[in-house]
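The structure appears below as structure tokens.
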Amino acid sequence: PRLSTHAHVVSSAQREIPVRALLSPQAFEPRRVTSERELEILRQVEARVRWLSALIVHNANNVRPKRDGLKVGGHQASSASLTTILTALYMRVLEPQDRVAVKPHASPAFHAIQYLMGRQTLENLKNFRSLGGAQPYPSRTKDHCEVDFSTGSVGLGAAVTVFAALTESYLRARGLAPKAWPGTSEVPSRPGRMVALVGDAELDEGNVFETLLESWKHDVPNSWCIIDYNRQSLDKNVEESSFRVAERMFRLAGWNVITIKYGKRLRGAFDEPGGHVLKKWLNEVDNASFSALCFRSGAAWREAMLAGVPCQHGTDREAFEALLARRSDTELHALMTDLGGHCLETVLEAFDTAACTNDRTCFIAYTIKGHGLPLAGHRDNHGLCLAPAQVEDLRAQMGVPPGEQGWEPFAGLPDPATAQNLVKAAAHNRVPSRRHVAERVDIPADIAPSVGGPAQAPTSTQAAFGAVLKDLSVMHGTPLADRIVTACPDVSTTTGLSAWVNKRKVFGAQATDSFRSARVHSLSNWTRSPNGQHIQIGIAENNLALLLSSLGLSAELFGHRLFPIGTLYDPFVARALDSILYGCYMDARFMLVGTPSGITLAPEGGAHQSIGQPLIGMSTPGLLTYEPAFADEVKACMHAAFERMQAPREAGGGSVYLRLTTRVMDQPKRDLEANAQLKDSILDGGYWHIPPTEHTRNVIVFSGAVAPQAFEAQLQLGDDAALLQVTSYDRLASDWQIAQRQGRMCHAVHLLNCVPRDAILVTVIDGHPSALSWLGGVCGHRVRPLGVAAFGQGGDIVDLHRTYHIDAGAIISACRGASAIE
């Protein structure tokens, strides 16, 4: 009765259960009873978290010297609305294996808790939002304390936890339970809960519902989403009854929903004579009016309620007036702001209830933005900071010592020693580190013996990619092959994954392929297995990137290295870009394959023809882009990608993006495995097919699918033209820029330094010409860049390449000095 709990349960007979059924029966911890003494100490810790959160932002804005005149900011109000929930989680609920994506604007509160736990330094707090200090939003790669999931781009934290829970389920189904914590012999006793703390306005992000739908399809367990329902966004109060939409959205996706609306004090008042009138008024007051009253405080509550109660006469009115009269203005304000999300006892009851199952659960926690601060409830408080005088008043109110002592973790608390012991004994704080160091997986010298070589038949780079995976799929017992997991947004058959999926099966509860059972011929084997190594998701590219990111963090989160490979049509890399950037920002490791690409996907038309994706690859930190033209190059790039995906960041580790094509091309008659120097040049970004001489007047520089016309143009031009292939404009460009700062030679200079200075570079790519046109700046050559800078259309390759001036005729014309347009 103290919680509004809406559990939407769908039986296994109503839908497939591809993930939950794979897990061993779980021993759930019994509900713990919190004593009044423990609650009192938790309240002291919560108050200190609120104070430190405010102090961190105050110091950054009003104390620390500013050199550029910019406002620093820091979101005092947004942090204050979550201090109760964060305190309950970190001090009482979470185990070390539980992972949290903290609401971006609660970063100061998160850092305050890490500081109390001894995992964040005072120096970093004082340097909040300054170089090297605590980050504006929790960051896995930039913060010095351990952060489970970076947040900042709102909505993504609400989604990545679902895919992290799916990742652990995948690992456990394959017998890869998390390892002991570094430096200990302690192994997690249960799967981790993946917890997302989100602001209510974050639910406006479309990727949240996309993820909820996927959580239903896979019936993902062990995922919590806690909504900070303070009903204020940056500009305004959220729409009335938003909680109903949120509740229905989560219940529709099979989540249990627990609404934490009123605290213990308010629930007690509801039981008093006239309490039902108070509850009715609270349930009916609009969000903006409630927020304004939270800010006005004092007598404003009494005035508003007496004027707005639904009963104007009779015993109900008298009982309600008496209820109000029994409380001073201060007491009435404390009562009316006792929402469930600020009541430790109520929050802990809700969390303990949900902890009795592994069901995914949404908590709608009613809170007040700026709770406990002078700016509580004010519509403009998102960007406001307390004035120095207000900070001093808050210091006095909370009993915090003056000056530098205000930074002391427990100074001034009524029982500092007990509070310190509680924090030290928190389960989440009992292991020295929660970041695993995974084993290195050996990569075979030749990952695909059937691919490449002098006898390689004409093929496309997409087909070569599929052939590499096909060879790997039959290497049973090979560590690399067993750790690969593929995923795609419903395009496995059109992006080269079919052979792999047919051999390695789809991840899920054991189920035979219905078409095969019915003896209907199909090229695809859609058999599900707990040992399956392909995770199929719906047509939502953001979900693909978030899944790849979660799988790509498995080494540090769970202690087991995975090699996630995700395929999608190249133009839709742009649709997934926010989540791709998010994954790279967290240093997740994955291989992204954009295929087919460019206008070379001719009959499909402009909506499926990519243009700017080479520039996306070049401009995304941590993502190395290759655009190979030939099968042996695809194999070499994939081998390098597997090595890069497990290398330390300081040694060049990261993710890889392959841009491929379905265009079938003749293959060079060579044995790349026997030519280490050529292979190194391919991986460094480029190599000469026909090197320049002192008589060279033109250099044709090409990438990827335009190889045939580059070769044809060079053949017609003869000795006047050299031919250079760029396999990675990304690696060439980044290495050139770094080399300039370091004053050393780089591969781009090595390639172009032998070209006569009066020669012209004619660059050509099935993509935006800027991807290659920068090469003229390396050694000072003139450039005539060819590429695609307009939307494509339906046609065949011959017509489209001619129309967009990337055919052999356009290359020859550019080499001879004529305008490609002319």
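The values are calculated or read from the model by the stated rules, or taken from the named source; none is laboratory data. It should be emphasised that the depicted structure is a prediction, and the values quoted were computed from it without experimental measurement. Here Cβ is always computed from backbone atoms with ideal geometry, including for glycine, and neighbour counts include all displayed protein chains. For accessibility, only protein heavy atoms count, side chains too; no ligands or nucleic acids. Shrake-Rupley method; radii C 1.70, N 1.55, O 1.52, S 1.80 Å.
Our coupling estimate for segment 554-571, obtained by passing each phi through the Karplus curve with A = 6.51, B = -1.76, C = 1.60 and θ = phi - 60°, is 4, 4, 7, 7, 10, x, 10, 6, 10, 10, x, 10, x, 10, 7, 5, 4, x Hz, Gly and Pro reported as x.
Taking only the Cα atoms of segment 181-278, how large is their convex hull per residue, in Å³?
So the per-residue hull volume is 190 Å³.
Based on Cα contacts under 8 Å between residues 6+ apart, segment 550-635 shows a relative contact order of 28 percent. By the Cα gyration tensor, segment 429-541 has an equivalent ellipsoid whose semi-axes, rounded to whole angstrom, run 27, 23, 14 from largest to smallest. Our Cα-only numbers for segment 340-457 put the radius of gyration and Dmax at 26.2, 82 Å. Between 0 and 90 degrees, the angle of helix 206-218 with respect to the longest Cα principal axis of the chain falls at about 90 degrees. Taking 10 °C and 1.306 mPa s as conditions, segment 73-178 diffuses translationally at an estimated 109 µm²/s according to Stokes-Einstein applied to its Kirkwood radius (Cα pairs). Oblate is the label for segment 309-408, because a/c, from the alpha-carbon gyration tensor with a ≥ b ≥ c as root eigenvalues, is 1.5 or above and a/b does not exceed b/c. If you take all C-alpha pairs in segment 278-336, what percent of them are over 13 Å apart? Summing the P(r) of segment 278-336 above 13 Å gives 59 percent of all pairs. Starting from a Cα-only point model with no solvent, please compute log10 I(q)/I(0) by Debye for segment 480-612 at q = 0.12, 0.17 1/Å. Each listed q maps to, in turn, -0.50, -0.93. Using Cβ point charges alone (K and R +1, D and E -1), the dipole size of the chain about the Cα centre works out to roughly 1140 debye.
Give me the angle, in degrees from 0 to 90, between the Cα long axis of helix 461-473 and the longest principal axis of the Cα atoms of the chain, rounded to the nearest 10. Approximately 70 degrees, to the nearest ten. Provide, as a two-decimal number, the C-alpha radius of gyration of segment 561-716 over 2.2 N^0.38 Å, N being how many residues it has. So the Cα radius of gyration is 1.10 times the expected 2.2 N^0.38 Å.
3J(HN,Hα) along segment 350-359: 5, 5, 5, 4, 5, 6, 7, 9, 9, 5 Hz, from the Karplus curve 6.51 cos²θ - 1.76 cosθ + 1.60 with θ = phi - 60°, whole Hz, x for Gly and Pro.
For segment 665-774, dividing the convex hull volume of the Cα atoms by the residue count gives 112 Å³ per residue.
Averaging the sequence gap over all C-alpha pairs within less than 8 Å and six or more residues apart, then dividing by the number of residues, gives segment 124-269 a relative contact order of 18 percent. Working from the Cα coordinates of segment 484-530, the gyration tensor eigenvalues give, after taking √(5λ), semi-axes of 17, 14, 8 Å in decreasing order. Between the listed residues Phe128, Val431, His801, the Cα displaced farthest toward the positive end of the dipole of the chain, a dipole computed from Cβ unit charges relative to the Cα centre, is found at Val431. Each Cα pair under 8 Å and six or more residues apart adds its sequence gap; the mean of these over the residue count of the chain is a relative contact order of 12 percent. For Lys179 and Leu70, the difference between the fully extended length at 0.36 nm per residue and the C-alpha to C-alpha distance is 34.7 nm. On a 0 to 90 degree scale, rounded to 10, what angle separates helix 157-173 from the longest Cα axis of the chain? Approximately 70 degrees, to the nearest 10. Is the C-alpha gyration tensor of segment 129-227 telling us rounded, prolate or oblate? Criteria: a/c under 1.5 is rounded; beyond that, a/b larger than b/c is prolate, otherwise oblate. Oblate shape, in that a/c is at least 1.5 and b/c is the bigger or equal ratio. Over segment 143-201, what percent of the accessible surface lies on carbon and sulfur atoms, probe 1.4 Å? Carbon and sulfur atoms account for 51 percent of the accessible area of segment 143-201.
The fraction of all Cα pairs in segment 73-119 landing in successive 5 Å bins from 0 to the largest distance is 5, 22, 32, 27, 10, 3, 0, given as whole percents. If eta is 1.002 mPa s and T is 20 °C, what Stokes-Einstein diffusion coefficient results for segment 90-145, Kirkwood Rh from Cα pairs, in µm²/s? Using the Kirkwood radius from Cα pairs, D works out to 185 µm²/s.
For Phe563, the residues whose modelled amide H falls within less than 5 Å of its own, excluding neighbours fewer than 5 places apart on the same chain, are Ile484, Val485.
Here is the P(r) of segment 262-307: all C-alpha pair distances, binned every 10 Å from 0, give 25, 57, 18 in whole percents. The 3J(HN,Hα) values that the Karplus relation (6.51, -1.76, 1.60; θ = phi - 60°) gives for segment 621-626 are, in residue order, x, x, 10, 8, 9, 10 Hz. Gly and Pro appear as x. Distances between placed amide hydrogens fall under 5 Å for Thr763 paired with Val701, Arg784, Leu786, all partners being 5 or more residues away or on another chain. Here, the chain yields an orientationally averaged convex hull projection of 39.4 nm² when only Cα atoms define the hull. Applying D = kT/(6 pi eta Rh) to segment 535-617, where Rh is the Kirkwood radius over alpha-carbon pairs, T corresponds to 25 °C and eta to 0.890 mPa s, the Stokes-Einstein value obtained is 185 µm²/s.
Near the amide H of Tyr262, within less than 5 Å, lie the amide hydrogens of Gly340, all on another chain or at least 5 residues away, with H placed in the peptide plane. In this calculation the C-beta distance from Ala322 to Val437 is compared with R0 = 51 Å, giving a FRET efficiency of 0.20.
In straight-distance terms, cross-link reach from Lys369 covers every one of the lysines whose alpha-carbon lies under 30 Å from its own, apart from those fewer than eight places away in the same chain; here that gives Lys66, Lys71, Lys103, Lys126, Lys142, Lys236, Lys261, Lys264, Lys279, Lys280, Lys424.
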